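Worksheet for the structure shown next.
The values are calculated or read from the model by the stated rules, or taken from the named source; none is laboratory data. Fair warning: this is a prediction, and the values are worked out from it, not measured in the lab. Here the Cβ is made from the backbone with ideal geometry for all residues, glycine too, and neighbour counts use every protein chain on show. To get the accessible areas, we keep the full protein, side chains included, count just its heavy atoms, and leave off ligands, DNA and RNA. Shrake-Rupley method; radii C 1.70, N 1.55, O 1.52, S 1.80 Å.
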Amino acid sequence: RKRRRRNLVAAGAGAGAAAEERHEKASLRVAEQLKRSRCLFVFWGWSEEGCAQSLQLASQAAHSLKDVASRSCSNFVRQSTKQAAILSKWRLHAKRFHSSLPSARTLWFSSIPRLDESRAISSIASRVEALRATPDASPESGVITVVLPVGLPGMGKSSLLERLYALGSQSAGFRFRQGVEEPSIRHIGSGEASVAAIAMLSSDGFTGAELMARGLDAAGRSSEELEGSRRKAANRYRAEVERFMSFVGADLACRAQAAADSPTAALAQYFLLLDKNHPPSGLKREAELLTAAVPADCRLQIKALVLNAQGCPKQFEALDQEEAREFGPWRYPWSPELVGECAARLLLRSSHGTLVGGEEAIAVLLSFLKLHHGVARLGAAPGVDVVHARCVSLEGDLVSWGDLRGDDPEAAWRRFEVRALMREALGLLNLRQFGDAGPAAPMVAALHKCLRASALHLPPDDLRRTHLDAVVHRLFPELLATSAQSMMPIAPPVTYVALSVEEHHAELQALFQQAVLAMGNQGDEQEDPFPTPPYLSPRLLHVTTLFLGGAARSEEHRSLLAASRKLFRAAACFECVVTHVVCVRGALACAVVDKVAVLAAGVPLDADRQVPHITLCTRLPWMPKHSNDVLSALVKVDGALDHQAPVGQDDGRWWPALEVGDTLVDVFVFRLPQPVKLPRTPLLLV
């Protein structure tokens, strides 16, 4: 029992440390995104003195919660026993955030905000004027292009990146391989280098070096030894990435001093090649880590280099249809023939830092393939551009899998036998034991035997080099080009436009309680029908006026969005009028807003939005969007949402077994005795 308690304490401490690390990374990431914007960051009341004053105010506000303006403040006031701990964590985040931002654009005030703090307000005003007079707070002087390959083992990503590194080195001022500087090979007298520095880091290279340091190799190591070497190699890999970013920052500082008299100096370009497999989740994580590590005054553009096939082998429609009937559609972004070609290349591989030919290599290949199950678009990640490289040939003398070159019936049958074994093995693989065939071992062994019997062919070295050189010369200019998508700050698309009623949360909560009371008077409700949890309120109480889902789908939506943007920039506020509260037993509750009043106020409202409303709470699997379905069903019921005539006893009425989609629910409609006006509701773009 004591040992179990100690383990639990240790696990809790580890989880706390991991949470702190996540919070720190999040703070650094947000600071990195904001430091390039022309903003003044004011930290007010985050000293020990200010936090003590905040706790004192919170204890006083506990006696008059109705006077607390925001929902977040009222939630904090209710946490009477945890206020000090919560505030200390918030203070830690504020200090970390403050230290991550440029000191020239931050202000730190010890005391809590007060309207009579004329000195503090004067400091803010003068700093804002100084920032406004500055033409550009942080001009960018460099661009870092990071290439992240997206492919499978055996596609030749290492060879392709080596060729890119060799081509870029011809015009680079500095070049680094695995963190070690190599002599420059740029021709003397060729003018200024087009690439300030180029670097290549290989994850497998670091792992192979760790194995060699322990006296092991790729063939004679155990899985535990390989895993330990990979962990050390991952730390070294990440450290070298950050080291290159530091070098870029130092080099830019030197260039800024040398070019102080030349304000129109060209952007310095830096090229980083990361030789590592990037599955969908890994690509997004790598982009986030790179964004957090990029130096100030430097723009980062990340390019996913998607490897794919060139050419197409002969197709057999009847066999394709038979396979689809047996196994279903192929749900992977690469064709089965390309996967078979990769497997053949792995079996022909004679030397590699971590993976040599054999059944284990095929199991690793299929495990990587399974990570891409259902992926429709390779390389898709926020802030990442996609560049396609068709570097694997499935035609001619460059093919390694002999059955792809043969047109005879025997080759076709062997090819589809390999495809069938591949399907069986993919269905049995367990990704929790990555690279271990496990229950799929018999299928992997049979697949290995079939491929070995298919006359594997090693293409001539000169032919492979010629093919790679042609691919690289097409790719290099496209990779170095500064993409408009990458160069612009990432602005998320508008999902919906809404009127924010968050400031009126106390009034809406009081109306909700009236409806619950009337609901109990007319039903058999003995307890609170909407307890928290499982019922949860939306993060922001609002009235949706236009839902876009990230894209304006019609001309009407585009015009409404343009009008909403204009009102948003003008800081326009409107008045909402609440007429009903609708409660759905076991599902959700919402407040109905008078549509006529919203249109009369000049709010751009989508014509398809029949009943404007405020979702008050929901319970899974119901979501806020389902309020539309409930209200659309009520509109079809005569008199259900009529706010000019009474609807029943105590101004509330049950509508049992109302059909909402495919579900029958009991709905209670509570008509307010008098419509409630919510003034000064601002328009938001979310």
For the stretch 491-637, the per residue accessible area (1.4 Å probe, Å²) is 49
Restricting to aspartates and glutamates and to Cα separations under 13 Å from K276, and discarding same-chain partners fewer than 8 apart, the set is E162, D204, E286
Rounded to one decimal in nm, the spacing of the 7 Å Cα→Cβ label points at D528 and A506 is 1.9
The stretch 277-360: spread of alpha-carbon positions along the three principal axes, whole Å, largest first, is 59, 32, 23
Of the convex hull enclosing the alpha-carbon atoms of the stretch 562-637, the direction-averaged projected area in nm² is 5.9
Rg (one decimal) and Dmax (whole number) from the Cα set of the stretch 384-424, in Å, equal 14.0, 44
Over the stretch 316-465, with neighbouring protein chains present, the accessible area per residue in Å² at probe 1.4 Å is 48
Pairs over 21 Å Cα to Cα, from K284/K370; K595/K636; K595/K625; K157/K284; K157/K232, come to K157/K232
A453 and A376 label points (each 7 Å along its Cα→Cβ direction) are spaced in nm at 4.0
Cross-link reach from K314 to aspartates and glutamates, straight Cα distance under 12 Å and at least 8 residues apart if same chain, gives E337, E395, D403, D407, D408
Two pseudo-spin positions, 7 Å from Cα along C-beta at Q315 and at R38, lie apart in nanometres by 5.5
To the nearest 0.05, the calculated FRET efficiency linking A125 and A445 through their beta-carbon distance, R0 being 56 Å, is 0.15
